[in-house]
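Below is one structure; the comments refer to it alone.
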Amino acid sequence: MGQNGPAGEENIGFIREESHEPHPAAAQAKPPNVCFGCGRANAAGMHLEFSYDEEQRKVMGKFVLGERYQGAPGIIHGGIVALVLDEGLSKVSRLYGVRAVTAELDVEYLRPVRVGEEIRVEAHQERSEGRQLYHAGEIRDGKGRVLARARGRFVVVDAERFARVAGSGSSLGEGEREAGKREEKR
């Protein structure tokens, strides 16, 4: 079940137990995923993998992060903690069949996330309002203690346009950002 990430570090990821295949939304033909957090096409990336519980509508992941991700000695850098939470929260959108991008992320750091210790990430959707999706999640240690938690707002984007823009290297542009802001104010 384990995957070797960069520099031989172990990133333990889940697959769907009933079929041993990735979630159907992940199996669609698309360009190489170069995301630093989850992209297999990014040699320097973390290669994080998550599983999907469709019945409970949640995303889960289990990881061991190595020294290359530390800030203070023996402690995972806060930016990496935020990245892991953002990855988990963003994957929740797949359970609802939409593509969404992070608009806001609020992280609460409760206890240090230790280098070399297994962590479990879990995320779910709290609510949706039009194109605005509100997700929450947390990181727990092997004893079940909450180490960090996050809430995020995600804006649904047109999947085809997103793929075109991502492939071209340009941004979604002011129109997409303004549409997200208008939806938020409603």
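Readers should treat all values here as calculations from the given coordinates under stated rules, not as data from a laboratory. Remember, predicted model here, so these are calculated numbers, not experimental data. Virtual Cβ from ideal backbone geometry, glycine too; neighbours counted across all protein chains shown.
For this structure, a couple of remarks:
- Alpha-carbon centroids, segment 54-84 and segment 135-161: separation in whole Å: 11
- Put in order of Cβ neighbour count within 10 Å, fewest first, the listed residues Arg57, Arg153 become Arg57, Arg153.
- Over all pairs of different C-alpha atoms in segment 90-138, the reciprocal of the mean inverse distance, the Kirkwood hydrodynamic radius, equals 12.7 Å.
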